[in-house]
Every structure is written in C-alpha cells, then in structure tokens.
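The values are calculated or read from the model by the stated rules, or taken from the named source; none is laboratory data. Computed from a prediction, not measured in an experiment: that's the story for all the values here. Positions of Cβ are generated from backbone atoms using ideal geometry, with glycine treated the same way; all protein chains shown enter the neighbour counts.
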Amino acid sequence: MKKSLRLMSLVAFLMLFATITVQAQGENDEWTEAGTYKIGASGQNLWMTINATGGLEWAAELPSDDPRQVWSIVDHRTPADNGLLEITAYVPGVGTFTMATNGVEGDHPNYTLIARPGEPVSVTPLDFDYSGLDQFQRRKTTSNQGGNDALFIKTPWGTNSRYVTAPSAAGDPVQFGLDGSAIGKLAFRYVGLPLSADENVRVSSNNVYPVAGNAGVFKLVESTEWTAYSISGTVVASGNGYNIDLSAFSKGLYIIKFDGVTKKVKR
C-alpha cells in the first residue's frame, strides 16, 4: 500500500513538473534578456510574421525557427539610455527588416505595425527622439516569471500605444492601440542569442529610385553590382551598373540588394 502511495505521489509530481515545463517553454514565455524571440498572441498559435509580400501579419507557427518569425530584441541603438528596444528580423537572401509603424500624428494611439526593410533609425540627439517610429518599450501585465509580457511603442505623438487587441485569425495585421487601462499579453518564446553584427545590413550612401515613365525600371545613384529578389527570396535578376530593369516581371514587391543595402521597391 505504501509503495503504491509513493508511486502515485511520484507520478503526480512528474505530471506537475511536466506541466510547469511546458508552460515555461510555451505560450507563457516572457521577454527577460536581449536575444532572438518569436512573438505570439498569448493563447493562440499566431505569431508576428513577415509575409510573402514583405508585410507584417499574424500567422501560424512556421517550422524550424523560420527567420520570418524570429525577432532580435535588444536595446535600441539610440537612445538606448531611455530603456527602449529595437526589434529586427534577418531573412537570408532578402535582408534585415525592422519592426516599426508608418503611422502619422492623426493615427495616435492606433497604429498598424510594419516590417520595414533595413536597419532601425539612429536618431540624434539622444533625448527622447522617437521620430524613427521603431522604438518599443518592454512592460508587464500580470507576470509570474519575472519577465516582460507586454509591448508599447513610442512615437512623437505619445507613449501609451501598446498591443491590446488579440488577432481574430491568421492574416490579420498587427495592431497597437489603447483600451482604457488594459494591456494585452504577448508570448515571447526565446530562440537564442541576438543577431550577430555580420547579419545586419551595412549603411551606404547609395540609393535606388524608379525611373519616371518607365514602369519597372529603377536607377542607382552610384554604379555598382546589384541583385534583385522576389519577396520570397528568389533571385530574379542581377547586374552591374546604374540601371535595374524589372519591367519584364509581374507587378508586385521586389527586394534589391546593393553595396550591402537592402531596399524594397514596387514594380
């Protein structure tokens, strides 16, 4: 009888341990340190994802830590002393994307988040300049692990916009807003260390712009080698010079890489 009781107690303990372990590694994960994370809607298998057209949306979890769902969350390069974060993703063959918003003053506090090609914006002076629209702040809801499970965005028009409304289905945009005192809970699933320096796109003075009256033709400010990709990362054209001709390809978004720079263009 005693052996049976001991066995039952051991089984109960192991079941409790397994439950705690699953919760610690699953949807209740929280942001605790600089690193790469998947960012999900708590209680749903929906994760912030760079989609096939380079946009940001909620999507079901992709296998094998797909880079379209893995975000490096570290102190913002400027102004890091204000406790703000930058959130970036690196998609091989495409480049770096920065989580941000393209909102304007009239939108506040309701913003749609975007995946902007390129690095976060360095701003000067360091004193509370949120003009890059890519600066976030970690916060807590009701936390039982000591980490952070909420996210706010800082803009020149206010600092109270945050994730508050859960998505209803895959394909929904990522929305921030304000709902009284409510703060939405996110799931930060730790993946690994932050992106290394060689995974970030270098800065260049070169740039690309469309040629007026020639749909699908683009021009570089400086002659250089370039490669054009579909938004899914497939090489569609490459060359060396000033001119990039994508007129023979279907309309849509394309990624052009040159001089270590990644630019998204619309054909």
(Q) Report every pair of residues separated by at least 6 positions or lying on different chains whose Cβ atoms are under 6 Å apart, first residue within the stretch 212-223 and within 20 Å of GLY252 (Cα to Cα), second of a type in the set (D, E, K, R). (A) GLY216/ARG267; VAL217/ASP245
Q: Residues being on the phi > 0 side of the Ramachandran plot and either surrounded by fewer than 20 Cβ atoms within 10 Å (Cβ to Cβ) or in contact with an Asp or Glu (Cβ under 7 Å, 6 or more places away or on another chain) (or both): count how many of those fall in the stretch 79-117.
A: 2
(Q) Can you confirm whether GLY192 is of a type in the set (Gly, Ala, Ser) and within 17 Å of the chain's Cα centre (by Cα)? (A) yes
Q) Going by the conditions given, is GLU86 assigned to a loop (DSSP other than H, G, I, E, B) and of a type in the set (D, E, K, R)? A) no
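For (1) touching a Lys or Arg at 6+ places or on another chain (Cβ under 8 Å); (2) assigned to a loop (DSSP other than H, G, I, E, B); (3) closer than 16 Å to ALA34 by Cα, each residue gets a yes or a no:
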residue: THR112; (1), (2), (3): no, no, no
residue: ASP129; (1), (2), (3): no, yes, no
residue: PHE136; (1), (2), (3): yes, no, yes
residue: SER161; (1), (2), (3): no, no, no
residue: GLY184; (1), (2), (3): yes, yes, no
residue: TYR190; (1), (2), (3): no, no, yes
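Residues checked against (1) at pLDDT 50 or above; (2) farther than 22 Å from VAL91 by Cα; (3) surrounded by 13 or more Cβ atoms within 10 Å (Cβ to Cβ):
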| site | (1), (2), (3) |
| --- | --- |
| MET15 | no, yes, no |
| ALA18 | no, yes, no |
| GLU27 | no, yes, yes |
| THR32 | yes, yes, yes |
| ILE39 | yes, no, yes |
| SER42 | yes, yes, yes |
| GLY54 | yes, no, yes |
| GLU57 | yes, no, yes |
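Listed here are the residues, each with its yes/no results for (1) modelled with pLDDT of 90 or more; (2) of a type in the set (Val, Ile, Thr); (3) farther than 24 Å from PRO120 by Cβ.
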| site | (1), (2), (3) |
| --- | --- |
| ALA150 | yes, no, no |
| TRP157 | yes, no, no |
| THR165 | no, yes, yes |
| ASP179 | no, no, yes |
Q: Starting from residues that are assigned to a loop (DSSP other than H, G, I, E, B) and modelled with pLDDT of 90 or more, keep the ones in the stretch 217-249 and report whichever is surrounded by the fewest Cβ atoms within 10 Å (Cβ to Cβ).
A: ALA248
Q. Name the pairs whose Cβ atoms lie under 7 Å apart, with the first residue in the stretch 232-259 and touching a residue at least 24 places away in the same chain (Cβ under 8 Å), the second among the acidic types (Asp, Glu), and 6 or more positions between them or separate chains?
A. PHE258/GLU225
Q. Which one is nearest to the chain's Cα centre (by Cα) among residues in the stretch 60-78 that are buried (at least 20 other Cβ atoms within 10 Å of the Cβ) and under 29 Å from GLY158 (Cβ atoms)?
A. TRP71
